[in-house]
Amino acid sequence: PFDVLIVGGGPAGSSAAIYAARKGIRTGIVAERFGGQVLDTLSIENFISVPSTEGPKLAASLEEHVKTYNVDVMNLQTAKRLEKKHLFEVTLENDAVLKAKTVILSTGARWRNVNVPGEQEYKNKGVAYCPHCDGPLFEGKDVAVIGGGNSGIEAAIDLAGIVNHVTVLEFASELKADNVLQDRANSLPNVTIITNAQTTEITGDSHVNGISYKDRETEEIHHVALQGVFVQIGLVPNTEWLDDTVERNRMGEIVVDKHGSTNVPGLFAAGDCTDSAYNQIIISMGSGATASLGAFDYMIRN
Ligand code: FAD
């Protein structure tokens, strides 16, 4: 069995693997897609000590760093079940079972879908999730942002500097974003914010050509002609597969303490799949290190 088995190969999992391997214990890492969200990121300018890099480049260095240690890297493998018997047992999609004394969950998160007609059909044909990655593709065009939380309003402010016009559609009667972001967005001449707006459809031909929404007060359907839609309604932790084997909060995030321990002895978690306050590369890496040291501490006591 592994001493430490890490599930998830993003910044958190990579960091956890390196910290574990440096203790000379038997370490494995299973990843559906090594690199995680970093692979989808264009430019990264807040990874301290690296003034500027690109996602795929950082993802490659993560893997390279992990592979300088004696770590069993199982890429393109998805975990579907976790059980605690005498040891932990992680079952993969292909029904292989991996056994371990301790497990670190670092399965990250993904963008939430709005689930209206047109969203799947026009993904990468005008429907986007990452303003940092795809904003420049819409230079000079009209776009919508679905969602008036911090990420939606940040996206609107960001896009306003690139595109011709941004329409923000917020389902609730008011925006949930911080006031300073709202003030900034309201000061921009090419941003229109519509509240009480339920997106009903993303329309298009070969590419997005508009968005329909229902005014929740009047029940009227409106259509806005535009070329891009950014969906910004939050990140969902990749934790569904865990069912109730471990305590998760109302958002599905794994609850951890300051050692990265979950409510199950020997089971740790790190990064965006946990209830940590912010989701950033540097934060995930820090929590991966914490969880790994936590797991090592647990092992030497048990
Ligand atoms: P992830 O990176 O999500 O990695 C999760 C890993 O788990 C992946 O390997 C995944 O394949 C794997 N996995 C999931 N489920 C399973 C399963 N069942 N079995 C096996 N493996 C599984 N942060 C910054 O600091 N600066 C930025 O500029 C920045 N820009 C971003 C831009 C975009 C477009 C996105 C999406 C995120 C950005 N972030 C940025 C956030 C940052 O990428 C995340 O906070 C960070 O990647 C989280 O790391 P993680 O290891 O917790 O999870």
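The values are calculated or read from the model by the stated rules, or taken from the named source; none is laboratory data. The shown structure was predicted, so the numbers you read here are calculated from the model rather than taken from an experiment. So basically every Cβ, Gly included, is an ideal-geometry build from the backbone, and we count neighbours across all protein chains shown.
Structure notes:
- Some residue of region 27-49 being under 28 Å from residue 300 (Cα atoms), more than 24 Å from the chain's Cα centre (by Cα) and assigned by TED's automatic domain parsing to the domain that holds residue 285: yes
- Some residue of region 110-132 being touching a Pro at 6+ places or on another chain (Cβ under 9 Å) and either surrounded by fewer than 17 Cβ atoms within 10 Å (Cβ to Cβ) or under 24 Å from residue 273 (Cβ atoms) (or both): yes
- Residue match in region 59-74 (condition: within 22 Å of residue 238 (Cβ to Cβ) and more than 24 Å from the chain's Cα centre (by Cα)): yes
- Filtered residues of region 213-230 (kept if buried (at least 19 other Cβ atoms within 10 Å of the Cβ) and either out of contact with any strand residue (DSSP E or B) (no Cβ under 8 Å at 6 or more places or on another chain) or not aliphatic (A, V, I, L, M) (or both)): 213, 227, 228, 230
- Selection of region 40-65 for residues being of a type in the set (A, V, I, L, M) and either within 16 Å of residue 287 (Cα to Cα) or touching a Gly at 6+ places or on another chain (Cβ under 6 Å) (or both) yields 48, 59, 62.
- Considered as a group, the residues in region 118-162 that are polar (S, T, N, Q) and outside any helix (DSSP H, G or I) include one that is modelled with the highest pLDDT, and that residue is 120.
- Inclusion of residue 57 among residues that are among the charged types (D, E, K, R) and either near the ligand (Cβ under 10 Å from one of its atoms) or under 26 Å from residue 255 (Cβ atoms) (or both) is not warranted.
- Residue 195 modelled with pLDDT of 95 or more, in contact with an Asp or Glu (Cβ under 6 Å, 6 or more places away or on another chain) and either closer than 22 Å to residue 217 by Cβ or buried (at least 16 other Cβ atoms within 10 Å of the Cβ) (or both): yes
- Filter pass, residue 137 being more than 21 Å from the chain's Cα centre (by Cα) and under 25 Å from residue 55 (Cα atoms): yes
- Conditions (1) touching a residue at least 24 places away in the same chain (Cβ under 8 Å); (2) within 15 Å of the ligand (Cβ to nearest atom); (3) charged (D, E, K, R): number failed by residue 95: (1)
- Qualifying residue in region 173-185 (condition: touching a Ser or Thr at 6+ places or on another chain (Cβ under 9 Å) and either in a strand (DSSP E or B) or at positive phi (or both)): no
- Check on residue 4, within 21 Å of residue 254 (Cα to Cα), touching a residue at least 40 places away in the same chain (Cβ under 8 Å) and more than 11 Å from the ligand (Cβ to nearest atom): yes
- Those residues of region 247-278 which are within 13 Å of the ligand (Cβ to nearest atom), crowded, with 18+ Cβ neighbours inside 10 Å and not in a strand (DSSP E or B), in sequence order: 253, 256, 260, 270, 271, 272, 273, 276
- Residue match in region 56-74 (condition: over 19 Å from residue 35 (Cα atoms), modelled with pLDDT of 95 or more, surrounded by 14 or more Cβ atoms within 10 Å (Cβ to Cβ) and in the same structural domain as residue 273 (by TED's automatic domain parsing)): no
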